[in-house]
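Colleague: My structure is below; once you've seen it, I'll send some questions.
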Amino acid sequence: MGRLLFAASVGCASVVGCSSSTVPGVQVDVVLDGPSTPPMRADSRTFQTNLGYSVVLTRGYLSTKTIELVSCLSESSRMWRFITIPNAYAHTVGSLTLLGVPAVESLLVAPAARLTVGSLLPPAGQYCGAKWNLQGADADAIGLPEDADMVGKTVFASGSFSRVGESQQVFSMSSMKSLDADLAFPATELSSDKRRIATLHMTMVADDWFDDVDFESGQESQNVDALLQNIRRSLGAYMD
């Protein structure tokens, strides 16, 4: 199950601060990195939780709504939000610092997997973070899977769980709640005459995704909320 591409359509026509055809401007490619751990085995990922469960994830999807590059100067960041660029798929209006095309991606990709999902053309300046918005998928979102109904859902996960010495039991959980993750990284300065090209990496460390999920408690809502918060805490970003 591979990650699925979404691309933002951005341009410089009539926008102050964009480069001319002879002077290249700043470009930031946005890349989704596969979860670094735990390792993939065949088509599944196995977790050992803080409540003593062994969880085997066999299907999992996450719906991204937007990814925004955040300036170190908040006033500058807010100003540039008003310079908008229509996206090819027209779900969310993008900008020089915002990718606004929703996509559904698999949670079962190899740790080394990297996928460029779009490019931004931000104004020159210092950038210190990113905002990752997760929301329920639209009916025409890019990458809707065939083996799960993701319309309106932010996350879907299914597989099996067990305790030591006990037989495996199946589970399936999903949520329509949205999440925002504000992610910081060391200041990176970009300009057309110095560092012009950079890559924004969006990352996940999946080890604790099922911590505090008590499958035998019958508290479905609490378990889903725990999964969502664990996913949010697992997100990160860096620039290179």
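Colleague: Considering only residues of region 88-112 that are surrounded by 15 or more Cβ atoms within 10 Å (Cβ to Cβ) and at pLDDT below 80, which is farthest from Ser178 (Cα to Cα)?
Modeller: My answer is Pro111.
Colleague: Can you list residue pairs whose Cβ atoms sit under 7 Å apart, with the first residue in region 55-67 being within 20 Å of Asp212 (Cα to Cα) and the second being of a type in the set (Lys, Arg) and surrounded by 23 or more Cβ atoms within 10 Å (Cβ to Cβ)? Count only pairs 6 or more apart in sequence or on different chains.
Modeller: Leu57/Arg45
Colleague: Now for a separate question. How many residues are buried (at least 22 other Cβ atoms within 10 Å of the Cβ) and in a loop (DSSP other than H, G, I, E, B) if we restrict to region 124-145?
Modeller: The qualifying residues number 1.
Colleague: Which condition does Ala187 not pass, out of (1) among the aliphatic types (A, V, I, L, M); (2) assigned to a loop (DSSP other than H, G, I, E, B); (3) more than 24 Å from Pro38 (Cα to Cα), if it passes all the others?
Modeller: Among (1) among the aliphatic types (A, V, I, L, M); (2) assigned to a loop (DSSP other than H, G, I, E, B); (3) more than 24 Å from Pro38 (Cα to Cα), the lone unmet condition for Ala187 is (2).
Colleague: Does any residue of region 211-223 turn out to be hydrophobic (A, V, I, L, M, F, W, C) and part of a loop (DSSP other than H, G, I, E, B)?
Modeller: yes
The values are calculated or read from the model by the stated rules, or taken from the named source; none is laboratory data. Keep in mind that what you see is a predicted model, and the values were worked out from it rather than measured. Here the Cβ is made from the backbone with ideal geometry for all residues, glycine too, and neighbour counts use every protein chain on show.
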